[in-house]
Amino acid sequence: MCSTTWCSRLPERGKTLQSLPAGFPAGVIFDMDGLLLDSERLARDAFVAACTEHGWTADLDVYHQCIGSTSQATEARLRAHFGEKFPYRAVDTSWSRHYHARLAKAPVPKKSGVLELLQYLVDVKVPRALATSTARVTAERKLHDSGLLDYFEHRVCGGETPRGKPYPEPYQAAAERLGLKPEQCLALEDSGNGVRSAHAAGCVVIQIPDLVSPGPELSELDHQIVESLTDVLRLLKER
């Protein structure tokens, strides 16, 4: 299954797929960036290029804390770290330009096991929803270009709930659109902010880390950690 220390560590208590009754999950809610699509590296590289363009050195430790959060939270964190002289608006404009220039070149690569897991859920008639911090136009473009858009009956995108991740509203909204309670849903996330959001909503959470390994602050949450979506598929088939 998982070879690394953080990946092989599963909670000794709490909600795991193995411990839940038959019939779970009634629905699955997916994050997008870093979970379905290998896009976090593209966003990181675009951020580094934008900072360099404006004469600043990117601090990746701070950047990693922004993964999975809203654009407003990202702005607040970067301004607090870099100080009042940081030209956030200019950097953000350049960041978006670099990122969308990359998107225009080719579809974002899919993460390992994505298609197999999605097709399995289609075959066993488990409904699927998306809960992403990315704005709808960009999210649906990336999903369309990668051939994934039609796998999701419902999509909750950035700015469409009163609060975004790490607050529970995105996952609450996604579960509601599926006609389910959050506790009936499996949430799949890569980032700490996303895990906190899904956990706060009441979902059962599996984390598949991408750029950032899970920190100790997540150790009290009832969630499993696996290496890839292929592992998630295996766990579902073993139920």
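Derivation of every value follows stated rules applied to the coordinates shown; laboratory data play no part. All of these numbers come straight from a predicted model, not from anything done at the bench. Quick reminder, even Gly has a Cβ in these numbers, built from the backbone with ideal geometry, and neighbours come from all protein chains shown.
How long, wide and thick is the chain, going by the Cα atoms along their three principal axes, in whole angstroms, largest first?
Principal-axis extents of the chain (Cα, largest first): 56, 36, 36 Å.
What nm value, rounded to one decimal, do you get for the distance between residue 144 and residue 26 when each label is placed 7 Å out toward the C-beta?
Here the answer is 3.3 nm between the modelled labels.
Once the Cβ-Cβ distance between residue 101 and residue 71 is put in as r, and R0 is 22 Å, what FRET efficiency do you end up with, to the nearest 0.05?
Between residue 101 and residue 71 the formula returns 0.70.
Testing the spin-label approximation: label points 7 Å from Cα along Cα→Cβ at residue 79 and residue 239. State their distance in nm.
Inter-label distance under the simple model: 4.3 nm.
Beta carbons within 10 angstrom, averaged per residue: use that to sort the peptides 218-226, 63-71, 102-110, 82-90, highest first.
63-71, 218-226, 102-110, 82-90
Per Stokes-Einstein, at 10 °C and 1.306 mPa s, what whole-number D in µm² s⁻¹ belongs to the range 40-105, with the Kirkwood radius over Cα pairs as the hydrodynamic radius?
134
Under the rule of at least 5 residues apart or a separate chain, name every residue whose amide H is placed under 5 Å from the amide H of residue 190.
Those qualifying (amide H under 5 Å, at least 5 residues apart or on another chain) are 208.
Would you mind calculating the gained length between residue 19 and residue 119 on full extension (0.36 nm times residue separation, minus the Cα-Cα distance), in nm to one decimal? Could you put the intermediate results ahead of the total?
Values: separation 100, 0.36 × 100 = 36.00 nm, distance 2.42 nm.
Stretched out fully, the residue 19 to residue 119 stretch lengthens by 33.6 nm.
With runs of 4+ DSSP H residues as the only contributors, calculate the mean residue ellipticity of the chain at 222 nm using -39,500 (n - 2.57) per run, divided by the residue total and rounded to the nearest 500.
Rounded to the nearest 500, the figure is -13000 deg cm²/dmol.
Could you check the simple spin-label distance between residue 59 and residue 112, using points 7 Å along Cα→Cβ, in nm with one decimal?
The modelled label-to-label distance comes out at 3.3 nm.
Relative contact order (percent) for the range 103-231, with alpha-carbon contacts under 8 angstrom and 6 or more residues of separation?
Answer for the range 103-231 is 22 percent.
Of the beta bridges DSSP finds with both residues in the chain, what % are antiparallel, to the nearest 5?
About 5 percent, rounded to the nearest 5.
Whole number please: convex hull volume per residue of the Cα set in the range 63-135, in Å³?
Enclosed volume per residue, from the Cα hull, is 121 Å³.
Which of the lysines could a cross-linker span from residue 237 if the Cα-Cα distance has to be under 25 Å and same-chain partners fewer than 8 positions apart are dropped?
Straight-distance partners of residue 237: 15, 110, 111, 125, 181.
Using packing as a proxy for protection, rank 34-41, 137-144, 185-192 so that the peptide with the highest average count of other Cβ atoms within 10 Å comes first.
So the peptides 34-41, 137-144, 185-192, ranked by packing, come out 185-192, 34-41, 137-144.
If you plug each phi of the range 107-114 into the Karplus form 6.51 cos²θ - 1.76 cosθ + 1.60 with θ = phi - 60°, what whole-Hz ³J(HN,Hα) values come out, in order, with x for Gly and Pro?
With the stated coefficients, the range 107-114 comes to x, 5, x, 7, 6, 4, x, 4 Hz.
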